[in-house]
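Report on one structure; see the data block that follows.
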Amino acid sequence: MLHRLLQAPPVYGLARQLLFTLDPETAHDLTLHALAGAHAIGGARALRPRLPDDPVTVMGLSFPNPVGLAAGLDKNAAFVAALADLGFGAVEVGTVTPRPQPGNPRPRLFRLPQAGALINRLGFNNDGLDALVARIRALHLAAPLGVNLGKNADTPIERAHDDYVQALAAVYPYAAYVAINISSPNTRELRALQDAGELDGLLARLDGERSRLADHSGRRVPIAVKIAPDLAEVDLKRIADTLVAHRIDAVIATNTTVAREAIADLAQGHQAGGLSGRPLLARSTQVVRTLSQHLQGALPIIGVGGIFCGADAVEKLRAGASLVQLYTGLVYRGPGLIGECRRAIAEYRKAAAPAPV
């Protein structure tokens, strides 16, 4: 089954063979620059699936389709227009931190092809807020642009709130929505922000700052919070209740996992960092299901983690997600995965729609 899922269309299959001979981070950068070159001459849109829009409204925003790009692929918003050419319903950039930082030392990105997985310990490497804002202020996209925010590695955890508030204010005029990343395993103590007292304080600060910005601008920007897959059920329910209490607009489930059971015997399986891809699918979908059953529609869920085919995307919706996001599946399957997921979701939604009276 996994072998079939890792099969890519012939053109991308050949490109992947070449890219997989390179260091993963080098291949990542080369792919994005190649896509930008194709966009510059109008060629990137040839990769876009020829499908009608399948619009959905979530967080008060209109998405042309439910399949978005997860944060992490374009940390600095340097390739947004080219990525939008591929037919995503939304593009999420970042994670961005207030100040530029190099991230963790290389090597920090590892492929596990036998498992259809990646391990990364990138550590929020990015050019900082000023560079990202300079890029996104000039963008005009048909699909919503999300901006994923984090704290700088050298910001003490007791001052983390300041980083998020500063970043929210900077991107507020240009983002369709903002995602708060408190769940990456690659920044020391970051996941502590999911603890009860820390989360309550952070969200209170963000909601207050958002109210101030909305009063000034006349525009309320939705906030989503991205959580870890490694939380106990009781903590998932507590976090869900806290998000609702602080008027957060969505929850993104999930980030990468620190669990290693599924890959312990594989080369590179011992590497530190967050695991993404196929081994994350079942757990991330279960988190979506737990949240959905607890929230009972009080908050929309964006499902991300392990989507490698259209059926995986549909399973996220069955579990309770309103939108899905892709990342690692794109590395293994290529841009054809976007169209496959869009088709499967459109068929699922059509079948699930109530019959006309």
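We did not get these values from a lab; they are worked out from the coordinates using the rules stated. The shown structure was predicted, so the numbers you read here are calculated from the model rather than taken from an experiment. Please note: Cβ atoms are built from the backbone with ideal geometry, for glycine as well, and neighbour counts cover all protein chains shown.
Please identify the DSSP H helices in the chain that span no less than 15 Å along the helix axis (Cα) and have a mean Kyte-Doolittle hydropathy of -1.0 or more.
Details: long enough: 24-40 (24 Å, 0.02); 160-171 (17 Å, 0.37); 196-217 (31 Å, -0.57); 233-245 (18 Å, 0.35); 281-295 (21 Å, -0.04); 336-352 (24 Å, -0.24).
Helices meeting the span and hydropathy rule in the chain are 24-40, 160-171, 196-217, 233-245, 281-295, 336-352.
Could you tell me which residue out of PRO52, GLY306, GLY72 lies farthest along the dipole of the chain toward its positive end? Charges go on the beta carbon: Lys and Arg +1, Asp and Glu -1, centred on the Cα centre.
The residue sitting farthest along the positive end of the dipole is PRO52.
Pairs of Cα atoms under 8 Å, at least six residues apart: use those to get the relative contact order of segment 37-182, whole percent. Before the final figure, lay out the partial values.
Values: 266 pairs, mean separation 32.4, N = 146.
Across segment 37-182, relative contact order equals 22 percent.
Using alpha carbon centroids, what distance separates segment 15-59 and segment 117-171, in Å?
Each part reduced to its Cα centre gives a spacing of 22 Å.
Using Cβ contacts closer than 10 Å as the measure, can you line up GLU315, GLU189 from fewest to most? Intermediate results must be reported in sequence, preceding the final value.
Working: GLU315 22, GLU189 14.
The most exposed by this proxy come first: GLU189, GLU315.
When the helices in the chain are scored as -39500 (n - 2.57) per DSSP H run of 4 or longer and the sum is shared across all residues, what 222 nm value do you end up with, to the nearest 500 deg cm²/dmol? Don't skip to the end; give the middle numbers.
On the way: 12 runs with 139 residues, N = 357.
So the calculated ellipticity at 222 nm is -12000 deg cm²/dmol.
Using θ = phi - 60° and the Karplus relation 6.51 cos²θ - 1.76 cosθ + 1.60, list the HN-Hα couplings for segment 82-90 in order, rounded to whole Hz, with x at every Gly or Pro.
Result, rounded to whole Hz: 5, 5, 5, 4, 6, x, 5, x, 6.
So if each residue of separation counts as 0.36 nm, and I subtract the Cα-Cα distance between ALA169 and ARG220, what length gain in nm does that give?
Details: separation 51, 0.36 × 51 = 18.36 nm, distance 1.21 nm.
Net length gain for the segment: 17.2 nm.
Specify the inter-centroid distance of segment 201-263 and segment 79-104, based on alpha-carbon positions, in whole Å.
19
Among LEU19, LEU330, which comes first, then next, by fewest other beta-carbon atoms within 10 Å? Could the numbers behind the result be given before it?
Values: LEU19 17, LEU330 21.
Ordered by Cβ neighbours within 10 Å, fewest first: LEU19, LEU330.
Is the C-alpha gyration tensor of segment 90-225 telling us rounded, prolate or oblate? Criteria: a/c under 1.5 is rounded; beyond that, a/b larger than b/c is prolate, otherwise oblate. Don't jump to the answer; show the numbers that get you there.
Details: a/c = 1.82, a/b = 1.31, b/c = 1.39.
Taking the square roots of the gyration eigenvalues as a ≥ b ≥ c, segment 90-225 is oblate.
Sequence gap of 8 or more, or different chains, plus Cα separation below 24 Å: how many lysine pairs satisfy both in the chain?
Working: LYS75/LYS151; LYS75/LYS226; LYS151/LYS226; LYS226/LYS237; LYS226/LYS316; LYS237/LYS316; LYS316/LYS350.
Pairs that pass both the separation and distance tests number 7.
Arrange LYS350, LYS237 by Cβ neighbour counts within 10 Å, fewest through most, would you?
Values: LYS350 9, LYS237 16.
Sorted ascending by nearby Cβ count, the order is LYS350, LYS237.
Would you mind checking which residues have amide H under 5 Å from VAL93's amide H? H placed 1.01 Å from N; only 5 or more apart, or other chain.
Here GLY146, VAL147, ASN148 satisfy the definition.
Shape of the chain from its Cα gyration tensor (a ≥ b ≥ c, root eigenvalues): rounded if a/c is under 1.5, otherwise prolate when a/b > b/c, or oblate? Display every interim value, and only then the final one.
On the way: a/c = 1.24, a/b = 1.16, b/c = 1.07.
Rounded, since a/c falls under 1.5.
Over the chain, what is the relative contact order in whole percent, taking alpha-carbon pairs under 8 Å and six or more residues apart? Each step should come with its number before you reach the end.
Values: 707 pairs, mean separation 64.3, N = 357.
With pairs under 8 Å counted, the relative contact order is 18 percent.
Give me the distance in nm between label points sitting 7 Å out from Cα along the Cα-to-Cβ direction at GLN286 and LEU22, one decimal.
3.7
Please check: in the Gaussian network model of the chain (C-alpha springs, under 10 Å), which one of GLN271, GLN194, GLN296 has the largest mean-square fluctuation.
Sorting by GNM fluctuation, first place goes to GLN296.
Can you tell me what share of the DSSP beta bridges in the chain is antiparallel? A percent to the nearest 5 is fine. The partial results should precede the final answer.
Values: 13 of 41 bridges.
Antiparallel bridges: around 30 percent, rounded to the nearest 5.
Given contacts defined as C-alpha pairs under 8 Å and at least six residues apart, what's the relative contact order of segment 152-210, whole-number percent?
Numbers: 33 pairs, mean separation 21.6, N = 59.
Result for segment 152-210 is 37 percent.
Provide the net charge surrounding PRO98, with neighbours chosen by a C-beta distance below 15 Å and charges set as Lys +1, Arg +1, Asp -1, Glu -1.
On the way: positive: LYS75, ARG99, LYS151, ARG159, ARG205; negative: ASP127, ASP130, ASP154, ASP162, ASP163, GLU209.
Local charge sum for PRO98: -1.
Stretched out fully, how many nm does the piece from ALA46 to ASP162 gain, at 0.36 nm a residue minus the Cα gap?
On the way: separation 116, 0.36 × 116 = 41.76 nm, distance 4.29 nm.
This chain segment gains 37.5 nm when fully extended.
So if each residue of separation counts as 0.36 nm, and I subtract the Cα-Cα distance between ALA264 and GLU233, what length gain in nm does that give? Numbers along the way, then the final one.
Working: separation 31, 0.36 × 31 = 11.16 nm, distance 2.43 nm.
Going from the current span to full extension adds 8.7 nm.
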